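> Quick one: the structure is below, and I'll ask about it shortly.
Read the figures in this text as sums done on the coordinates, not as results from a lab. Because the structure is predicted, anything quoted here is derived from the model rather than measured. We place every Cβ from the backbone using ideal geometry, glycine too, and count neighbours over all the protein chains shown.
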Amino acid sequence: MSDLGVSQVATETITRELVRSIQPADKVFEIRDAKLPGFLLRVSPSGRLMYVCQYGRGKRINVGRADVLTPSEAREKARQTLAEAAKGIDPVQKRRQEKARAEAHTFESYIREKYLPWYETRYSGSDETTRRLEKLFLPAFGDRKLEQITGWDVEKWRSARLKAGISKATLNRDVGVLKGALSRAVDWGLLAAHPLARVKPMKLDSKGPVRFLSDDEEARLRAALEAEELEGHFLPPMVLLSLNTGMRKGEVFGLKWSDVDLDHARITVRGEGAKSGQTRHIPLNAEAVETLASWRLDSPGEDSAYVFPGEGGKRLVNIIGYWRQVLAEARIDNFRWHDLRHTFASNLAMQGIDLNIIRDLLGHADISMVLRYAHLNDEVKARAVAVLNRGVKAATPIRRTGK
């Protein structure tokens, strides 16, 4: 690409505001970035805006379209290209090689031959990621070449799933898994740019209602877990541990005896098995200690490293059948395993526990993730000041409704 056919060249800092305000002219014109020499914005008469990197005299390469990349993203890509050129790497030749490697892979071959083997050796809680990729995305995009997957394809897929009744939160987790897989393809040089860079998570109501067990529901659930047919089964101790620690299902599945310290009443959730990637320590109350101590004596998988081993002593994979049976027996509707975690947090909030402590116990990095429990904490505060009402001698106890 050369400067031939360009009617004018101006120098100005390329910003979002500038990009939005640009009007096309009769001929192509360019704006050179004042921040990074060699970074340009090319404007065609059709209105097409393209970021360009000039890495030598008469040597240019397209960075990306302005409707796909922000100026900051494009500038950083141009900076990387200039750095590679300074090391003697030809950006055009590199892109050709990346394209050839990408064309050699369909999405399915990439996932099965490269990504999952890499992922499963690094993350102990990889079952859910594997399931999402194999059940959701391979049927939709498996036969496509990597570079043929676009943000528009994923937006259409997501819209169809939303219309089918899948929640926004679930769809965000689904798309997050796909984006993670394609991010690695970019890192490995199989894709020149991330095709889903502009696909944003769906907005959620972080303060919306939370499903947790009412007093009556928890009593019925505990009674159902004491059924004779569940004696010696892993489900009762798993449920009780979750109610008392707020651990995620994947964290419970991946829990090893080496991370359980009954003497000091503490569980360590390792970063490689945590959703956040950060290690955290969870104190155990008396019921949790008693539950784990009893299970250790009765556990049929005494030779397994896992607290709740699956078939052959390996990591547990699925408990949905058992879980549904217990919920039916307890007459509990519209309740997921993850809602045990909500029940743990809600119970703490209703006891007046500070939201930052709840955040820490749940393993959230951001306080915004626990704001949904704030209204439960407010009820405790309201009960506290209610004793000042004239004629009121004691506060009325709060009874959980699960709503």
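> Any chance you could run the full-extension gain for Ser183 through Val387? It's 0.36 nm times the residue separation minus the Cα-Cα distance, nm to one decimal.
67.8 nm
> Using only helices, what value at 222 nm comes out for the chain when you add -39,500 (n - 2.57) per DSSP H run of length 4 or more and divide by the total residues, to the nearest 500 deg cm²/dmol?
Value at 222 nm, helices only, nearest 500: -13000 deg cm²/dmol.
> At a temperature of 25 °C and a viscosity of 0.890 mPa s, determine how fast region 172-248 diffuses translationally according to Stokes-Einstein, using the Kirkwood radius over alpha-carbon pairs as Rh; express D in µm²/s, rounded to the nearest whole number.
146
> Which percent, to the nearest 5, of DSSP beta bridges fully inside region 1-147 are antiparallel?
Percent antiparallel among DSSP bridges in region 1-147 is about 75.
> Let me ask you something else. Sequence-distant or interchain residues sharing an amide H contact under 5 Å with Gly310, placed H: which?
Correct list: Arg315, Leu316.
> Additional query: Each residue of region 134-149 in order: what ³J(HN,Hα) in whole Hz does its phi give by Karplus 6.51 cos²θ - 1.76 cosθ + 1.60, θ = phi - 60°, with x for Gly and Pro?
Karplus-based 3J(HN,Hα) across region 134-149 equals 6, 8, 9, 9, 5, x, 7, 10, x, 8, 8, 5, 3, 6, 8, 7 Hz.
> Continuing with the same structure: What Kirkwood radius, in Å to one decimal, follows from the Cα pairs of the chain?
Final number for the Kirkwood radius of the chain is 25.4 Å.
> Which loop-located GluC sites (Glu not before Pro) does region 297-346 contain, where loop means any DSSP state but H, G, I, E or B and the Cβ has at most 14 other Cβ atoms within 10 Å?
Glu302
> If you don't mind, another one. Kirkwood hydrodynamic radius, region 103-187, all distinct C-alpha pairs: what's the number in Å?
So the Kirkwood estimate lands at 13.2 Å.
> Taking 0.36 nm per intervening residue step and subtracting the Cα-Cα distance, what contour gain separates Glu229 from Asp90 on full extension?
Full-extension gain reported as 43.2 nm.
> Test of the criteria: in region 171-228, which GluC sites (Glu not before Pro) are in a DSSP loop and have at most 14 other Cβ atoms within 10 angstrom of their Cβ?
Those satisfying the criteria are Glu226.
> How much of the DSSP bridge set in region 6-89 is antiparallel, in percent, rounded to the nearest 5?
Restricted to region 6-89, the bridges split so that about 70 percent are antiparallel.
> Give the lysines reachable from Lys59 as a straight Cα distance under 27 Å; neighbours fewer than 8 places away on the same chain don't count.
Those lysines meeting the cut-off are Lys27, Lys35, Lys77, Lys87, Lys94, Lys99.
> What FRET efficiency comes out for the pair Lys314/Lys145, r = Cβ-Cβ distance, R0 = 56 Å, nearest 0.05?
0.95
> If each Cα of region 65-210 is one equal point scatterer, what is log10 of I(q)/I(0) from the Debye formula at q = 0.09, 0.14, 0.19, 0.21 Å⁻¹?
Each listed q maps to, in turn, -0.33, -0.77, -1.24, -1.38.
> So, in region 171-286, how many Lys pairs have Cα atoms under 28 Å apart, if the pair is 8 or more places apart or on different chains?
Going through region 171-286 pair by pair, I get 13.
> Given a Förster distance of 35 Å, report the FRET efficiency between Met369 and Ser294 from their Cβ-Cβ distance, rounded to the nearest 0.05.
0.60
> Ok, one more. Regarding region 6-89, what are the three Cα extents along the principal axes, ordered largest first, in Å?
38, 24, 20
> If you take the beta carbon distance between Thr15 and Arg122 as r and set R0 to 45 Å, what does 1/(1 + (r/R0)^6) give as a FRET efficiency, to the nearest 0.05?
That gives a FRET efficiency of 0.70.
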